[in-house]
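Peer 1: Sharing a structure with you now.
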Amino acid sequence: MKFKQRIYLFLSLLVWAYSQILVAGEVEVLHWWTSGGEARSLDVLKQKMVEQGHSWKDFAVVGGSGDKAMAVLKSRALSGFPPTATQIKGKHIQEWGKLGLLTNLDKIAAEQNWIEILHDFVNDTMKYDGHYVAVPVNIHRANWLWVNPELFKQAGVSIPTTLKEFWLAADKLKKVGIIPIAHGDQAWQNSTVFEMLLLGMTSVEFYKKAFVELDKESLSSEKIIDVFVAFRKLKNYMDENIADRDWNTATSMVINGKAAMQIMGDWAKGEFIAEEKQLGKDFLCIPMPSTSKTFSYVIDSFIMFEISDTDNKKAQASLVKNILDKQFQKTFNMNKGSIPVRKDIDVDTFDLCAKASRSTLVADSYANVLPSFSYGMATSIYTQDAIFDIVTDFFRNEKITPKQAAEKLTRAIEDSF
Ligand code: GAL
């Protein structure tokens, strides 16, 4: 190599190294995506950041649905050292917004045209006081039933589409010695199952009145008592080792043929995919019986904390932009089980569950789209906690009658605001 060429190469390397130093920053990301499917999905984001020269400091707090992560976040943020970004959802965003610690994302939102590319209900959820303070990553549908078709075949039972068929199927499965329902007795999982029964037993209008408007009359109606009755009945179809079982352990019972069904959001699909199971053959996704037209939504999102380091600020901005990158949205959501949060990404290359999700979401101009109270989408954290407590107390304590539980629920919800 000639001397001139060498100098040129050396200078180019210097410029490249300098540019790397200039753009590279660190993001510390607090999250609870630690199950097989969740971790695989998040890796796509990590890799993207690393490819851009940033470093990713993983701050994972194990525990489905993030209740443990939220406790850790509080102590970190209140001690004055919040992470760069954290997974936060729904109405919880409002609580963090009030504290005034969040990075305003309006500029990036305008650049990426969030107002146009996101659904209205997503845009609304991401704002505090009229400003964007969170970036959405996906839309999960909570009202799914995950089925092991082989066990249904063994029991000679057909796949239920209504609650009536569901109870019949559960009876038959139990009779031939198959565990009908895989479940974990944790407050958020109990609440999920309670909510899904409620959706199947009532109507979209009733749900909105009772759990969005928190209308006292609806909350204290017979309908809620009936749901508590059904919820207790469901326990008869679970095994005896439900105490504190993680949701993904319950999913693996369906994967491994130990249980026939699980009532869970479509993050469960991520577990089947991570285990290389085939949709239609090894597992089925069925809308929670009697809720096929309803879309109970859970939007995963990240908030960004105000930080001072310039490089890390740049990394933070890259993180936000990457989350809404089109290719990332496709790969991430295919792994995660959710659908892209961007309206302008079609789901033609996605599987049948995702396609069904998208069409249910937008059907009848979003008329059947409901925020899930079990995931903080419908109410404040305080009301959500009140629901968790009452539902779980009832589930664990046979002495509480459905009527008492319904009364307690109304009172606890009222006291929570
Ligand atoms: C939910 C979250 C999902 C999934 C699930 C289980 O709160 O929205 O993405 O991860 O928890 O951990």
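Peer 1: Return the residues of the stretch 339-353 that are out of contact with any Ser or Thr (no Cβ under 8 Å at 6 or more places or on another chain) and open to solvent by less than 10 Å² (accessible area, probe 1.4 Å); say none if nothing qualifies.
Peer 2: Pro340, Val341, Ile345, Cys353
Peer 1: Tell me the residue from Lys336, Lys321, Lys326, Lys269 that is within 16 Å of the ligand (Cβ to nearest atom), in the same structural domain as Leu42 (by TED's automatic domain parsing) and of a type in the set (Lys, Arg), please.
Peer 2: Numbers: Lys321 fails: within 16 Å of the ligand (Cβ to nearest atom); Lys326 fails: within 16 Å of the ligand (Cβ to nearest atom); Lys269 fails: in the same structural domain as Leu42 (by TED's automatic domain parsing).
The match here is Lys336.
Peer 1: Residue by residue through the stretch 70-81, note down the ones that are touching a residue at least 24 places away in the same chain (Cβ under 8 Å) and either among the β-branched types (Val, Ile, Thr) or surrounded by fewer than 22 Cβ atoms within 10 Å (Cβ to Cβ) (or both).
Peer 2: Correct list: Val72, Arg76, Ala77.
Peer 1: Could you check, for the stretch 290-308, whether at least one of its residues is assigned by TED's automatic domain parsing to the domain that holds Leu118, free of Cβ contacts under 8 Å to residues at least 40 places away in the same chain and more than 16 Å from the ligand (Cβ to nearest atom)?
Peer 2: Yes, the stretch 290-308 contains at least one residue that is assigned by TED's automatic domain parsing to the domain that holds Leu118, free of Cβ contacts under 8 Å to residues at least 40 places away in the same chain and more than 16 Å from the ligand (Cβ to nearest atom).
Peer 1: So, in the stretch 257-294, of the ones that are part of a loop (DSSP other than H, G, I, E, B) and of a type in the set (A, V, I, L, M, F, W, C), which residue ends up farthest from Thr192 (Cα to Cα)?
Peer 2: The residue in question is Trp267.
Peer 1: Could you list, in sequence order, the residues of the stretch 371-398 that are over 16 Å from Val193 (Cβ atoms) and within 16 Å of the ligand (Cβ to nearest atom)? Break it down into steps so the answer makes sense when it comes.
Peer 2: Step one: of the stretch 371-398, the residues over 16 Å from Val193 (Cβ atoms) are 371, 376-383, 385-386, 397-398.
Pro371, Gly376, Met377, Ala378, Thr379, Ile381, Asp385 - these are the residues of the stretch 371-398 that are over 16 Å from Val193 (Cβ atoms) and within 16 Å of the ligand (Cβ to nearest atom).
Peer 1: Just checking, how many residues over the stretch 214-256 are open to solvent by 80 Å² or more (accessible area, probe 1.4 Å) and either on the phi > 0 side of the Ramachandran plot or assigned to a loop (DSSP other than H, G, I, E, B) (or both)?
Peer 2: Total meeting the criteria: 5.
Peer 1: Quick one: in the stretch 257-285, which of the residues that are surrounded by fewer than 21 Cβ atoms within 10 Å (Cβ to Cβ) and touching a strand residue (DSSP E or B) at 6+ places or on another chain (Cβ under 8 Å) is nearest to Ala142 (Cα to Cα)?
Peer 2: So the residue we want is Leu284.
Peer 1: Give me the pairs: first residue in the stretch 30-52 and over 17 Å from Met304 (Cβ atoms), second residue of a type in the set (Lys, Arg) and within 14 Å of the ligand (Cβ to nearest atom), beta-carbon distance under 6 Å, and six or more apart or on different chains, which are they?
Peer 2: Matching pairs, first to second residue: Ser41/Lys336.
Peer 1: While we're looking at this one, here's another question. Taking the condition in a loop (DSSP other than H, G, I, E, B), more than 16 Å from the ligand (Cβ to nearest atom) and among the hydrophobic types (A, V, I, L, M, F, W, C), does Val347 pass?
Peer 2: So Val347 fits the description; yes.
Peer 1: Residue under question is Phe194, and the condition is that it be within 20 Å of the chain's Cα centre (by Cα) and in contact (Cβ under 8 Å) with a residue 12 or more places away in the chain; does it hold?
Peer 2: So Phe194 fits the description; yes.
Peer 1: Separate question: Can you tell me which residue in the stretch 130-188 is nearest to the ligand (Cβ to nearest atom), limited to those that are surrounded by fewer than 21 Cβ atoms within 10 Å (Cβ to Cβ) and of a type in the set (Ser, Thr, Tyr)?
Peer 2: Step by step, filter the stretch 130-188, then rank; the result is Thr161.
Peer 1: Tell me which of these Leu73 doesn't satisfy, since it passes every other one: (1) under 22 Å from the mean Cα position of the chain (by Cα); (2) under 22 Å from Gly36 (Cα atoms).
Peer 2: Only one criterion in (1) under 22 Å from the mean Cα position of the chain (by Cα); (2) under 22 Å from Gly36 (Cα atoms) is unmet by Leu73, namely (2).
Peer 1: Being surrounded by 15 or more Cβ atoms within 10 Å (Cβ to Cβ) and out of contact with any strand residue (DSSP E or B) (no Cβ under 8 Å at 6 or more places or on another chain) is the requirement here; does Thr291 meet it?
Peer 2: yes
Peer 1: Just checking, which of Phe166, Phe152 is within 14 Å of Ile263 (Cα to Cα), touching a residue at least 40 places away in the same chain (Cβ under 8 Å) and more than 24 Å from the chain's Cα centre (by Cα)?
Peer 2: Just a single option satisfies the conditions, and that option is Phe166.
Peer 1: Ok, one more. Please specify each residue of the stretch 189-213 satisfying the condition of being open to solvent by 30 Å² or more (accessible area, probe 1.4 Å) and of a type in the set (Asp, Glu).
Peer 2: Listed by number, the residues that qualify are Glu205, Glu213.
Peer 1: Is there a residue in the stretch 276-289 that is within 16 Å of the ligand (Cβ to nearest atom) and closer than 20 Å to Val135 by Cα?
Peer 2: No, the conditions are met nowhere in the stretch 276-289.
Peer 1: Additional query: Out of curiosity, is Phe121 assigned to a strand (DSSP E or B), within 16 Å of the ligand (Cβ to nearest atom) and open to solvent by 20 Å² or more (accessible area, probe 1.4 Å)?
Peer 2: Working: assigned to a strand (DSSP E or B): no; within 16 Å of the ligand (Cβ to nearest atom): yes; open to solvent by 20 Å² or more (accessible area, probe 1.4 Å): yes.
No.
The values are calculated or read from the model by the stated rules, or taken from the named source; none is laboratory data. These numbers were taken from a predicted model, which means no experiment stands behind them. Glycine gets a Cβ as well: all are built from the backbone with ideal geometry, and neighbour counts include every protein chain shown. Heads up: the accessible areas ignore ligands, DNA and RNA and are worked out on the full protein's heavy atoms, side chains in. Shrake-Rupley method; radii C 1.70, N 1.55, O 1.52, S 1.80 Å.
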